[in-house]
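Only one structure is covered here, and it is reproduced in the block below.
Please treat every number below as a calculation from the coordinates, not as lab data. Since the model is a prediction, treat every value here as computed from it, not as a measurement. No Cβ is skipped: glycine too gets one built from the backbone with ideal geometry, and neighbour counts run over all protein chains shown.
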Amino acid sequence: MGLLRMLCTVFADIYWFPWIITDLKNMFYRYWQGKLPKSYKYTDCEGNTVSLTELNGVPFNRLFAGLQETVENPDHFEAREDDIWVVNWPKSGTHWLWEIIMMLTSDKPQLSSRVKEECMFELRPGHALETMPSPRVLNTHVPHQFFPKQALAKSKVLYSVRHPKDAAISMYYHTRNIEDYSYLGTWNGFFSLFMENKVDCGSWFDHVEKWLEVVENHSNVQIVKFEDLKEDLTGEIKRVAEFIGYPKSDEFYAEVAKQCSFENMKKHKTELLSGWRPESDGMYRKGKVGGWRGVFTVHQNETFNSEYEKRAKNFKIDLGYTD
């Protein structure tokens, strides 16, 4: 039954997103050449393991086909002046912000038939991104050191950030629910991995600290907070539109906000089906602010706060995550 379900979801994805065929061919070719990323197992405090690969000391998802040919050589990437990037540590509003920008750039306040994975820097082989028409709405979770310098020099970049406790919990469910991670541990076990930087894309603190420095020093890079999107979605959509150079009417912004509500995207957005465990919620789980309060133990909260207090001293921008 498991094999049948896997085949059904793969074929469904290929039907809706034909570009997957190219990526599968590329993956099999690299497998035949013996060039697939090496797999590592990281063990949590309860003895459960998560499967990842590693690039220059940073853990990544093993299925990121672009890691070796694109991310490892970011300077080979040909950036365009009209490229727009969504960058963040995982589970910080990537799909949400990407969908908003797709509506703004297409001048159509309706959910895109494409998915953000089609435009993901570390997932797609380099030639696939090169052939995309402009304007490209690209996205990535890579730390700053892997981001192409050309893009930072000439393209618009939106760095989205989310309360790290909420992001960590969302990342726990993401890791549990995607089969390739092979992780069946508890939240307590995952918390130990998170604090030891043994999760996909590595340290939240390292990622955010360096990117906040980039935001501070580059006028073409702007920060977007997950919590601000939740509080005033229409206002944030307008701010994003003006920053990327696609201003619209207030009516347009209101319709985009309606289409990009969490409830509407969870119900109507077509996403990739393959790779998820049968019992999972898929890409959209709760999308709430402050959900960590019902999950973190007192000890976990104290442990995290102690680390945050030390690391936040180096942040160039005060994020306001004091609780």
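Measuring from centroid to centroid over Cα atoms, what is the spacing of the stretch 161-200 and the stretch 300-323 in Å?
19
With r as the distance between the Cβ atoms of THR186 and LYS310 and R0 = 25 Å, compute the FRET efficiency 1/(1 + (r/R0)^6) and round to 0.05.
Result of the calculation: an efficiency of 0.40.
In a shell of Cβ-Cβ distance under 11 Å around ARG80, excluding ARG80 itself, what net charge do Lys and Arg (+1) and Asp and Glu (-1) give?
Once positives and negatives cancel, what remains is -2.
Take the residue pairs LYS116/LYS154; LYS165/LYS258; LYS198/LYS258; LYS149/LYS310 and return only those whose Cα atoms are more than 25 Å apart.
Listed pairs above 25 Å: LYS165/LYS258; LYS198/LYS258; LYS149/LYS310.
Computed over the Cα atoms of the stretch 121-177, what is the ratio Rg over Rh, Rh following Kirkwood?
1.03
Going by a ≥ b ≥ c, the root eigenvalues of the Cα gyration tensor, does the stretch 93-192 fall in the rounded group (a/c under 1.5), the prolate group (a/b larger than b/c) or the oblate group?
Cα axes put the stretch 93-192 in the prolate bin.
Starting from the 7 Å offset along Cα-to-Cβ, what nm value, one decimal, do you get for the label separation of THR22 and ASP82?
Placing both labels 7 Å beyond Cα along the Cβ direction yields 1.9 nm.
Taking the Cβ of each residue in ILE169, ILE100, ILE178 as the centre, tally the other Cβ atoms inside 10 Å and list the residues starting with the fewest.
If I rank by nearby Cβ atoms, fewest first, I get ILE178, ILE169, ILE100.
If each residue's Cβ is checked for other Cβ atoms within 10 Å, how do LEU123, LEU63, LEU104 rank with the fewest at the top?
Going from least to most buried by this count: LEU63, LEU123, LEU104.
Starting from 0.36 nm per residue, how many nanometres of slack lie between THR297 and CYS45 once their C-alpha separation is accounted for?
Extra length available between THR297 and CYS45 comes to 89.2 nm.
For TYR40, which sequence-distant residues (separation of 5 or more, or a different chain) have an amide H within less than 5 Å of its own amide H, given hydrogens modelled in the peptide plane?
LEU52, THR53
Exposure proxy check: SER155, SER249 ranked by fewest other beta carbons within 10 Å?
By the 10 Å Cβ count, ascending: SER249, SER155.
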